[in-house]
Amino acid sequence: IAVIWKFILQDNGLLNTVLGWVGIDGPNWLNSTTWAMPAMIMMAVWRNMGTMMIIFLAGLQAIPTEIKEAAAIDGANAWTSFRRITLPLLRPTLLLGAVLLSVGYLQFFEEPFVMTKGGPLDSTLSISYYTYNQFGFGKYGTASAASYILFVAIALLSLVQFRALRSKD
């Protein structure tokens, strides 16, 4: 995916060509400190959207239609049905999606490695890529410390998500 998006986001790549057709002079996406990280985020969101859509579709299909029908008979409108029935029953799916995405984004490595090597001016440097660089430079203590910090950040974020999205019963 990173190789394809690198081709799309090059200065004379597909995205700037399409923008040029409508009269917009696109930026040099991967060599700009302003646009490199937003371009990487856009690519990462695109990469994970399909997986999350499948997970949420499965979660929505697991909600019994009888509950929604009963709410409709009791006079609940679409918003009330969504807020009081669908959203609480999607809580496990929301938790899974939140944990998977946050862990995946905190371990953001392949895309900066392939597309920008962490540049320009370290604007796309992630903690995983920083750890990799420190290990490659022979700074094993710094790489180990960065790994532990990443582990603690993932553990704390997951704990917060589990607390926030746990079921109320």
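The values are calculated or read from the model by the stated rules, or taken from the named source; none is laboratory data. What you see is a predicted model; the values in this text were computed from it and never measured. Every residue, glycine among them, receives a Cβ derived from its backbone with ideal geometry; neighbour counts consider all protein chains shown. Keep in mind that these areas ignore ligands, DNA and RNA; they rest on the heavy atoms of the full protein, side chains included. Shrake-Rupley method; radii C 1.70, N 1.55, O 1.52, S 1.80 Å.
Tabulated data for the structure shown
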{"item": "Residue within segment 47-62 that is within 21 Å of the chain's Cα centre (by Cα), among the charged types (D, E, K, R) and within 26 Å of PHE162 (Cα to Cα) present", "result": "yes"}
{"item": "Residue in segment 88-110 that is of a type in the set (Asp, Glu) and either open to solvent by less than 60 Å² (accessible area, probe 1.4 Å) or in a loop (DSSP other than H, G, I, E, B) (or both) present", "result": "no"}
{"item": "Qualifying residue in segment 122-133 (condition: without any contact (Cβ under 8 Å) to a residue 24 or more places away in the chain, among the hydroxyl-bearing types (Ser, Thr, Tyr) and open to solvent by 40 Å² or more (accessible area, probe 1.4 Å))", "result": "yes"}
{"item": "All positions within segment 123-169 that are outside any helix (DSSP H, G or I) and among the aromatic types (Phe, Trp, Tyr)", "result": "PHE137"}
{"item": "Segment 59-71, subset part of a helix (DSSP H, G or I) and touching a helix residue (DSSP H, G or I) at 6+ places or on another chain (Cβ under 7 Å), residue modelled with the highest pLDDT", "result": "GLY59"}
{"item": "Residues that are open to solvent by less than 20 Å² (accessible area, probe 1.4 Å) and in a helix (DSSP H, G or I), drawn from segment 111-121", "result": "GLU111, PRO112, MET115"}
{"item": "Some residue of segment 20-34 being farther than 24 Å from ILE127 by Cα, in a helix (DSSP H, G or I) and open to solvent by 50 Å² or more (accessible area, probe 1.4 Å)", "result": "yes"}
